[in-house]
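Asks: Would you mind keeping the following structure in view while I ask a few things?
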Amino acid sequence: MSSLPDSPRRTALDATHRTLGATMTDFAGWDMPLRYGSEREEHVAVRTRAGLFDLSHMGEITLTGPQAAEALDFALVGNLSSVAVGRARYTMICDADGGILDDLIVYRLADQTYLVVANASNAQTVLDALTERAAGFDAAVRDDRDDYALLAVQGPESSGILKSLTDADLDGLKYYAGLPGTVAGVQALIARTGYTGEDGFELFVAPGDAETLWQALTEAGAPVGLIPCGLSCRDTLRLEAGMPLYGNELTTATTPFDAGLGRVVKFEKTTNGGRFVGREPLEGAAKRAAEAPPRKLVGLIATGRRVPRAGFSVVAADGTVIGEVTSGAPSPTLGKPIAMAYVDAEHAAPGTEGVAVDIRGTHEPYEVVALPFYKRER
Amino acid sequence: MSNPQQLRYSKEHEWLSAAADGVSTVGITEHAAGALGDVVFVQLPEVGAEVTAGEPCGELESTKSVSDLYAPVTGEITEVNQDVVDDPSLVNTAPFEGGWLFKVKISDEPDDLLSADEYTAFTES
């Protein structure tokens with residue numbers, strides 16, 4: 001890539017965001033919309049109506065070939081060969097020590113074709129790791145980051161909005177499934193996925209079609225209250241939904257078991273004799289987590305109004321540090337500050353008394369709860 | 001965005017009304033409120049507290065961050081806006097009016113307070 005680190009990349013919708021008066025922010029080397037107006041209103045729109053996001057910073061990598069499935073089973077912790085064509089899987093890529101390199105959504109587009117979607121901040125790492133790990137397999141790894149723009153429509157009205165623009169069978173499209181289709185005349189991969197805790201769709205399209213699709217969705221959604229939404233509300237939406245964020249809850253110092261997401265690690269793989277990168281250390285992490293979990297990822301709800309932030313200490317009644325906040329924000333839905341935190345197992349049970357967060361020297365009382373904070377009614 | 005002409009401004013983005021009986025009203029500017037995003041919590045100094053120009057006297061918390069609130073002048077707090085404590089969004093919706101923060105009886109003021117035009121130029125530079 002020719003762009004310098006100090007010149008952030010711009011998505012195909014950059015001019016649109018500026019026309020809409022978005023407050024932009026540098027996110028993982030991309031100039032992205034943080035919010036267009038009030039981030040609380042954007043959050044509420046997604047919870048109650050619909051929101052439109054530009055997520056073109058996400059990194060797309062395609063694997064193709066007779067051994068694409070075997071290569072992914074070896075490279076990732078999940079069992080990707082068992083994913084049916086047209087379905088998607090939430091999974092992770094770990095380093096040889098079992099530390100998380102990134103969390104991913106992998107779509108099986110065809111028997112021998114997978115689309116891996118990585119976080120923008122980790123896309124190069126994931127591309128490099130996949131390229132290296134797939135080397136012994138009859139599979140090609142392709143960097144498709146510049147070939148896709150990604151738009152998301154999220155919220156209870158999203159299905160109705162999309163239906164007005166496509167003939168694709170959305171009712172037959174399950175959560176974590178994707179199918180090719182035409183939306184507003186634009187060729188798209190239509191996926192029923194998201195990062196908000198609501199029903200919604202992610203639309204992978206050619207960058208040259210992004211503007212057409214954005215305008216069509218904006219017009220189709222306007223009558224039911226769809227508004228453009230930035231990354232700020234995306235963060236509070238995913239936090240309420242208890243979804244981890246790479247760099248906060250997930251790091252290379254964390255295994256999936258430490259993050260309470262051990263279920264994504266599949267030891268019972270049928271390919272490659274069960275071998276995959278990180279297997280042995282992950283078996284150890286699984287054993288430790290089952291016998292004596294060091295810390296657990298929990299939810300915290302404030303009784304006061306001061307907001308915990310990533311890095312703040314969680315303390316017991318006697319002031320002992322018992323954990324650390326990984327994400328925190330005022331929750332528009334709950335009307336109170338909330339946080340995710342890694343807390344020592346003995347203090348991690350919901351309802352544990354005396355737990356507080358050290359907010360700039362003051363120990364503010366917090367209630368320990370199970371995640372998520374918010375679950376939509378189905 | 002226009003900054004009211006009758007107010008004076010600090011480089012920390014507070015506004016200060018003309019003093020009546022030595023007491024001025026203080027808030028944060030629309031520029032500052034816009035940069036913060038939705039304000040969700042304000043912590044104000046206590047009535048009777050002595051504040052010092054240029055030093056933190058409270059905090060403003062938004063979705064993304066917490067920011068110190070600086071006293072634009074030195075003096076004694078005579079009143080705080082309970083409405084903005086109860087509904088911090090007033091800082092965003094009416095920063096120069098209903099979103100005022102506190103009143104202060106001025107004992108000393110710094111010599112670098114800005115006029116509206118100077119503050120506008122400051123924020124655009």
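Any read-out appearing in this document is the output of simple, stated calculations on the displayed coordinates, not a laboratory observation. For clarity, every value in this text was computed on a predicted model and none was experimentally measured. Positions of Cβ are backbone-derived with ideal geometry, glycine not excepted, and every protein chain shown enters the neighbour counts.
Asks: Listed here are the pairs A:Lys336/B:Lys64; A:Lys174/A:Lys287; A:Lys174/A:Lys375; which of them are more than 22 Å apart at the Cα?
Replies: Among A:Lys336/B:Lys64; A:Lys174/A:Lys287; A:Lys174/A:Lys375, the Cα-Cα distance tops 22 Å for A:Lys174/A:Lys287.
Asks: Right, another one. Inverting the mean 1/r over all pairs of different Cα atoms, compute the Kirkwood radius of the protein assembly as shown and quote it in Å.
Replies: 24.8
Asks: Return A:Asp171, A:Asp258, A:Asp344 ranked ascending by Cβ neighbour count within 10 Å, so the fewest neighbours appear first.
Replies: A:Asp171, A:Asp344, A:Asp258
Asks: Please report, in cubic angstrom per residue, the volume enclosed by the convex hull of the alpha-carbon atoms of the stretch B:12-109.
Replies: Measuring per residue, one finds 78 Å³ for the Cα hull of the stretch B:12-109.
Asks: Relative contact order for chain A using alpha-carbon pairs under 8 Å, separation at least 6, rounded to a whole percent?
Replies: 17
Asks: Going through the stretch B:35-125, which GluC sites (Glu not before Pro) have at most 13 other Cβ atoms within 10 Å and a DSSP loop state?
Replies: Answer in residue order: B:Glu46, B:Glu97.
Asks: Related question: Could I have the simple spin-label model distance between B:Asp83 and A:Thr252, label points 7 Å from Cα toward Cβ, reported in nm to one decimal?
Replies: The answer from the label model is 5.3 nm.
Asks: In the Gaussian network model of chain A, springs joining C-alpha atoms below 10 Å, which of A:Thr23, A:Thr320, A:Thr131 carries the largest mean-square fluctuation?
Replies: Judging by the Gaussian network model, the answer is A:Thr320.
Asks: With +1 on the Cβ of every Lys and Arg and -1 on the Cβ of every Asp and Glu, and nothing else charged, how large is the dipole of the stretch A:294-378 about its Cα centre, in debye rounded to the nearest 20?
Replies: It comes to approximately 500 debye.
Asks: Counting just the Cα atoms, what span does the stretch A:6-147 cover along each of its three principal axes? Round to the nearest Å and put the largest first.
Replies: Principal-axis extents of the stretch A:6-147 (Cα, largest first): 49, 37, 29 Å.
Asks: Something else: For chain A, set up a GNM with springs between Cα atoms under 10 Å and report which of A:Glu324, A:Glu280, A:Glu198 has the largest fluctuation.
Replies: A:Glu280
Asks: Could you compute the net charge surrounding A:Gly208? Neighbours are other residues with a C-beta less than 12 Å from the C-beta of A:Gly208; K and R count +1, D and E count -1.
Replies: Summing Lys and Arg as +1 and Asp and Glu as -1 gives -4.
Asks: Counting other beta carbons within 10 Å of each Cβ, put A:Val85, B:Val104 in order, fewest first.
Replies: Ordered from fewest to most neighbouring Cβ atoms within 10 Å, A:Val85, B:Val104 come out as A:Val85, B:Val104.
Asks: In percent, how large is the relative contact order of the stretch B:1-62, given Cα pairs closer than 8 Å and 6 or more residues apart?
Replies: 24 percent.
Asks: While we're here: Run the numbers for A:Ala110 and A:Asp146: contour at 0.36 nm per residue of separation, minus the present Cα-Cα distance, in nm.
Replies: 10.8 nm
Asks: Multiply the residue separation of A:Ala345 and A:Asp26 by 0.36 nm, subtract the distance between their alpha-carbon atoms, and state the gained length in nm to one decimal.
Replies: 111.2 nm
Asks: Working out 0.36 nm times the residue gap between B:Ser107 and B:Ala19, then minus their Cα-Cα distance, what length gain in nm do you get to one decimal?
Replies: Answer, rounded to one decimal: 30.5 nm.
Asks: What nm value, rounded to one decimal, do you get for the distance between B:Asp68 and A:Asp97 when each label is placed 7 Å out toward the C-beta?
Replies: It works out to 3.7 nm between the two label points.
Asks: If only Cα atoms are counted, what is the Rg of the stretch A:294-378, and what is its Dmax, in Å?
Replies: In Å, with Rg to one decimal and Dmax whole: 11.8, 42.
Asks: Which residue, chosen from A:Ala292, A:Thr255, A:Val277, occupies the Cα position most advanced towards the positive end of the dipole of chain A, where the dipole is computed from +1 (Lys, Arg) and -1 (Asp, Glu) charges on Cβ about the Cα centre?
Replies: With unit charges placed on the Cβ atoms, the residue in question is A:Ala292.
Asks: Another one. What is the mean projected area of the alpha carbon convex hull for the stretch A:1-88, to one decimal in square nanometres?
Replies: 9.0
Asks: Which whole-angstrom value gives the distance between the alpha carbon centres of the stretch A:20-82 and the stretch A:306-376?
Replies: The stretch A:20-82 and the stretch A:306-376 have Cα centres spaced 27 Å from each other.
Asks: Right, here's the next one. Please express the Cα-Cα pair-distance distribution P(r) of the stretch A:70-175 as a list of whole percents, one per 10 Å bin, running from 0 to the bin with the greatest distance.
Replies: Going from the shortest bin to the longest, the percentages are 12, 42, 30, 14, 2.
Asks: Right, here's the next one. Please rank A:Leu300, A:Leu20, A:Leu165, fewest neighbouring Cβ atoms within 10 Å first, as an exposure proxy.
Replies: A:Leu20, A:Leu165, A:Leu300
Asks: Could you work out the helix-only [θ] at 222 nm for chain A, with each DSSP H run of four or more residues adding -39,500 (n - 2.57) and the total divided by the number of residues, to the nearest 500 deg cm²/dmol?
Replies: So the calculated ellipticity at 222 nm is -6000 deg cm²/dmol.
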